[in-house]
Amino acid sequence: MSENILQRMERIDAKQKISSFMVKEKQPYDFKVKYATIRANEFAEECYKRGLNYHVSVGGLDSITLFLFLKRIHIDAPGISVSFLEDPSIQKIHKELGIERLKSSVRYTDDNGMEHRWSKTQILQEFGFPVLSKEIAGKIETLANPTDKNKTVRHAIITGETGEYGGFQKNSRTKMSQKWLEKFGGYANEIEGTSYQVPPFKVSSKCCYYLKEKPCDDWAKENNSVPYLGLMASEGGRRAKSLRINGCNYFGKSTTRSCPFAIFNRQDLLQLALDLEVPVPEIYGTIERKEDGTLYTTKAQRTGCSMCGFGIHLEKRPHRFDLLKEQHPKEWYFWMYECCVDEETGEKYGWAKVLDYIGVGY
């Protein structure tokens, strides 16, 4: 019988690895920069031994800072990005830095051999809205698309009971929070005997895959290259646990990557951006320091695709859609009210319906 999740965590001594990593997260800034330098160089050396190339997957301020940090420590890693997903001010910086601009993944190839690629609107229309978080959206999508294979997972999402593979846990973290179960758990009402709501729109996490992850993965395969990523465990979510268990550099069977900033927090990242004189895209404003020494960006704190809603419920106003309205009002109106079409009524709708449903003002 294959081992369950709890047995695997014990075998790899996950608790000790997480504890050791979190000690490093509490170290001072200078320690973290030196640590990132060592890990980045180790990754480059290991890639050389294995006959691999390397690159930087570039998006917003974090990965722009990583790209320039690697240049500073004499690691000449080319940058790639699906830039059209980013704010125009980020695209401008990418162009100035010579980042290679990729297209979205191919949706289909017609009879004439012409490739047709996924667009943002097609993703939203066919799969659904990226809302709350990538992890939660994935769970909602699983509930909405029941199969025999995901039966155990669906039950765990509703109840927290994991079954044999999950070590027969009763209150696992697989369970979605009660707040969001009330709003999105209705797909399982008949099976679970619940009375949750079903949203009036589809939810999905597939946008990241088709618009960003797959194009970068395809480029990497074509170029025999593995990525440096600007991820930090302090950002939380499911990436935090993975970084704390696997560390900055990871060479696995299907995944190889380096995250030199894994032990950084937001303050470390912004300080390094200042030290490196990183060009800050206009959407972030400028990096300033409060009276207590805390660094912050005067506009957006985080950015992403202009149609992405991951984390929107956690943002203070003005949130990302407020800023989009201020800077690009026509684009804001399109995403809020016109980006999708109701397949039954033919009426147009957009993020306004989603934000109303989850209780976010706009």
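The values are calculated or read from the model by the stated rules, or taken from the named source; none is laboratory data. Just so we're clear, the structure is a prediction, and the values are computed from it rather than from any experiment. Here the Cβ is made from the backbone with ideal geometry for all residues, glycine too, and neighbour counts use every protein chain on show. Just the protein is used for accessible areas: all its heavy atoms, side chains included, with ligands, DNA and RNA removed. Shrake-Rupley method; radii C 1.70, N 1.55, O 1.52, S 1.80 Å.
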Pairs with Cβ under 9 Å, 6+ apart, first in segment 194-205 and modelled with pLDDT under 95, second crowded, with 19+ Cβ neighbours inside 10 Å and part of a loop (DSSP other than H, G, I, E, B): Ser205/Phe127; Ser205/Gly128; Ser205/Pro130; Ser205/Ser133
Looking for something under 22 Å from the mean Cα position of the chain (by Cα), farther than 25 Å from Gln267 by Cα and at pLDDT below 95 - is there at least one such residue anywhere in segment 307-318? yes
Can you tell me which residue among Arg50, Arg72, Arg101 is closer than 20 Å to Leu274 by Cβ and either of a type in the set (A, V, I, L, M, F, W, C) or out of contact with any Phe, Trp or Tyr (no Cβ under 6 Å at 6 or more places or on another chain) (or both)? Arg72
Every residue in segment 304-357 that is β-branched (Val, Ile, Thr) and either closer than 15 Å to Ile283 by Cα or open to solvent by less than 30 Å² (accessible area, probe 1.4 Å) (or both), please. Ile312, Val354
Residues in segment 258-294 that are open to solvent by less than 20 Å² (accessible area, probe 1.4 Å) and part of a strand (DSSP E or B) total 1
Is it fair to say Gln16 is without any contact (Cβ under 8 Å) to a residue 24 or more places away in the chain and open to solvent by less than 50 Å² (accessible area, probe 1.4 Å)? no
For Val58, state whether it is in contact with a strand residue (DSSP E or B) (Cβ under 6 Å, 6 or more places away or on another chain) and β-branched (Val, Ile, Thr). yes
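Here's the yes/no breakdown for (1) in contact with a Leu (Cβ under 8 Å, 6 or more places away or on another chain); (2) closer than 24 Å to Glu331 by Cα; (3) exposed (fewer than 14 other Cβ atoms within 10 Å of the Cβ):
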{"site": "Pro78", "(1), (2), (3)": "no, no, no"}
{"site": "Ser89", "(1), (2), (3)": "no, yes, no"}
{"site": "Lys92", "(1), (2), (3)": "no, yes, no"}
{"site": "Thr109", "(1), (2), (3)": "no, no, yes"}
{"site": "Met114", "(1), (2), (3)": "no, no, yes"}
Per-region count, segment 61-89, residues at pLDDT 95 or above and either of a type in the set (A, V, I, L, M, F, W, C) or closer than 23 Å to Ser119 by Cα (or both): 13
Hits in segment 122-150 (condition: outside any loop (DSSP other than H, G, I, E, B), modelled with pLDDT of 95 or more and open to solvent by 10 Å² or more (accessible area, probe 1.4 Å)): Gln122, Gln125, Glu126, Ile136, Gly138, Lys139, Glu141, Thr142, Ala144
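So that you can scan it fast, the table gives a plain yes or no per residue for (1) of a type outside the set (S, T, N, Q); (2) within 22 Å of the chain's Cα centre (by Cα); (3) under 20 Å from Leu231 (Cα atoms):
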position: Leu324; (1), (2), (3): yes, yes, no
position: Glu338; (1), (2), (3): yes, no, no
position: Asp342; (1), (2), (3): yes, no, no
position: Thr345; (1), (2), (3): no, no, no
Taking the stated definitions as given, is Arg173 open to solvent by 80 Å² or more (accessible area, probe 1.4 Å) and either more than 29 Å from Met336 (Cβ to Cβ) or of a type in the set (Asp, Glu) (or both)? yes
Only one of these conditions is not met by Asp218: (1) open to solvent by 30 Å² or more (accessible area, probe 1.4 Å); (2) assigned to a helix (DSSP H, G or I); (3) modelled with pLDDT under 95; (4) not basic (Lys, Arg). Which number is it? (3)
